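The values are calculated or read from the model by the stated rules, or taken from the named source; none is laboratory data. The structure presented is a predicted model; accordingly, all values stated were derived computationally and were not measured. Counting neighbours? That spans all protein chains shown, and the Cβs are built from the backbone with ideal geometry, glycine included.
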Amino acid sequence: MDAEVVVVGGGPVGLMLACELALARVRVRVLEQRPARMQESRALTLHPRTLEILDQRGLVDRFLRRGAPVPAAHFAVLEPRLDLSRLDTRHPYTLFLPQVQTEELLEERAHELGVEVLRGHAVVDVSQDEGGVSLQVAGPEGRYGARAGYVAGCDGAGSVVRRSLGVGFPGSDTTRTAFLGDVELAERPARPVSLAGPRGAVLLVPLGDGLHRFVVHDPLRAHADRSEPVTLDELRGSVRRILGTDFGMRGARWLSRFGNATRLAERYRVGRAFLAGDAAHIHFPMGGQGLNVGLQDAMNLGWKLAAAVQGWAPPHLLDSYHDERHPVGRALSRNTEAQTQLMDLSEPGLALRELLSDLLAIDAVNRRLAGQISALDVAYPPAEGAPAHASVGRRAPDRALETGRGPARLHELLHAGRFALLDLAGDADLRAAGGAYRDRVEVVQAAIVDPPGDLAGVDALLVRPDGHIAWASDGSGRATRLDDLRRALARWCGPAGAP
């Protein structure tokens, strides 16, 4: 085999997946058709759950040093904004960070872990058999074949991996377009601009280096074909009509039109092949969710695929990637379709926006939508028929702990990409059960220092490498607790001992 896993696509999602695999000592190669990283940034923000998964790998500080925290998000550019500051997370904000910098930081990490990233290598066909995956690649020196145990398609909406394997991509075509422009301004606004009204909607944010990003929803241009090039005159005219000024825009660096096509892959897994990010789901870029959901796809898939390569994956584990992430993709599609409908700026549409704005002023409504946009509300269903604590499947909150080795945070226990078994009740038998999996499970006797919140009453916790809770106990089933833990360990970690 040329590699144990080939990742097709060297954008942020592919690089994140490669980092996860390499962290588990899997030989991974990334094939990217572009000869160099993109210099334009479609996405501009990292959301709270994405910051948490970066924190779980000890990487978040690199991103925080580059970005700017913003304690709010928007839903269809409505007022009031979604208040992220009260969410139960150490990162109650979006991080304003252009995608090009996110990609740069992830590639830097990939190289640290020994990932081979080959740019200018376009995968043109993928096939598989019982023993592995075969790829045809057009590289700088001509066409060649490659072989791997598994392949992950992180190669965008036009995914060659998805098409080669015949995976359906049902959904809707573009019926509405909007456009963006990165330009210089003669008159810089004092603060970011966000306005939606009968003439249209404009978002304006500074990008740094003298550039500003305009995102424009112009009802007069909403049916322009996506393939029609955006001109500076079009951008200038729409912004001036909607805002009354164009701020003296000039020197366009990047102009792009995008549409509301919404599609979801029928399967995220086909045999030895997997799909993640835009290869699995596309939608109108409302709320900045696409990149973030893609990175979270990669976090879910990485440790499971590594387990299969290493030989200890339980039979259901690879299928659980589709079972857990496909519903998230479907919810993403519904959420962005709803926001797109709210960009109808006709009189009836504005009346609906006014009604929704009133609802957003209600704390419970605001918090619920903030949970959706931030992905902090994502929870996976527990195993069918298995006894389950209410917290199972939810993300483990990052509580401060006191351990025998000193203070720690729960998410710090996940830096190596392994499971964490927290014994909060001083139960040596539980620790011994986890110790049988010492190559896969970090066993820690600890006490929660922070107010426990959702973990109130929990006296033992098994946390997956992606930060979701695999098993929990509150002491009420003490007679069967040890057996329940052993079943959970077998379900998620396979057989005890080295594979």
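The listed residues are A379, A408, and the only one of them that is assigned by TED's automatic domain parsing to the domain that holds L482 and not in a helix (DSSP H, G or I) turns out to be A408.
Taken over the stretch 151-163, the criterion of being touching an Asp or Glu at 6+ places or on another chain (Cβ under 7 Å) and over 20 Å from E4 (Cα atoms) is satisfied by G156, A157.
Only residues that are assigned to a loop (DSSP other than H, G, I, E, B) and surrounded by fewer than 19 Cβ atoms within 10 Å (Cβ to Cβ) were counted in the stretch 236-284, giving 7. Every condition in (1) on the phi > 0 side of the Ramachandran plot; (2) not in a strand (DSSP E or B) holds for R226 except the one numbered (1). So which residues in the stretch 43-79 are surrounded by 22 or more Cβ atoms within 10 Å (Cβ to Cβ), of a type in the set (A, V, I, L, M) and part of a helix (DSSP H, G or I)? Within the stretch 43-79, L51, I53, L54 qualify.
Does L455 fit the bill of being touching a residue at least 60 places away in the same chain (Cβ under 8 Å), buried (at least 21 other Cβ atoms within 10 Å of the Cβ) and touching a Lys or Arg at 6+ places or on another chain (Cβ under 7 Å)?
Working: touching a residue at least 60 places away in the same chain (Cβ under 8 Å): yes; buried (at least 21 other Cβ atoms within 10 Å of the Cβ): yes; touching a Lys or Arg at 6+ places or on another chain (Cβ under 7 Å): yes.
Yes; evaluated as a whole, the condition is true for this residue.
Determine whether R188 is basic (K, R) and either at positive phi or not in a strand (DSSP E or B) (or both).
Working: basic (K, R): yes; either at positive phi or not in a strand (DSSP E or B) (or both): yes.
Criteria met by R188.
In the stretch 323-336 there is at least one residue matching the filter, namely being in contact (Cβ under 8 Å) with a residue 60 or more places away in the chain and over 30 Å from V5 (Cα atoms). Report yes if A408 is under 15 Å from G453 (Cα atoms) and without any contact (Cβ under 8 Å) to a residue 60 or more places away in the chain, otherwise no. Answer is no for this residue.
In the stretch 140-149, the condition of being of a type outside the set (A, V, I, L, M) and under 30 Å from G453 (Cβ atoms) is met by no residue. Checked across the stretch 445-458, the condition of being closer than 18 Å to A24 by Cβ and aliphatic (A, V, I, L, M) holds for no residue.
Applying the selection to the stretch 415-444, what residues are assigned to a loop (DSSP other than H, G, I, E, B) and within 21 Å of L23 (Cα to Cα)?
H415, A416, G417, R418, Y437, R438, D439, R440
L204 - would you say it is crowded, with 16+ Cβ neighbours inside 10 Å, out of contact with any helix residue (DSSP H, G or I) (no Cβ under 6 Å at 6 or more places or on another chain) and among the hydrophobic types (A, V, I, L, M, F, W, C)? So L204 passes the test. Is it the case that the stretch 96-103 has a residue that's crowded, with 17+ Cβ neighbours inside 10 Å and within 30 Å of W312 (Cβ to Cβ)? Looking through the stretch 96-103, none of the residues is crowded, with 17+ Cβ neighbours inside 10 Å and within 30 Å of W312 (Cβ to Cβ). Filter the stretch 123-166 for residues that are within 24 Å of the chain's Cα centre (by Cα) and assigned to a strand (DSSP E or B) and give the result. Matches in the stretch 123-166: V123, Y150, V151, A152, G153.
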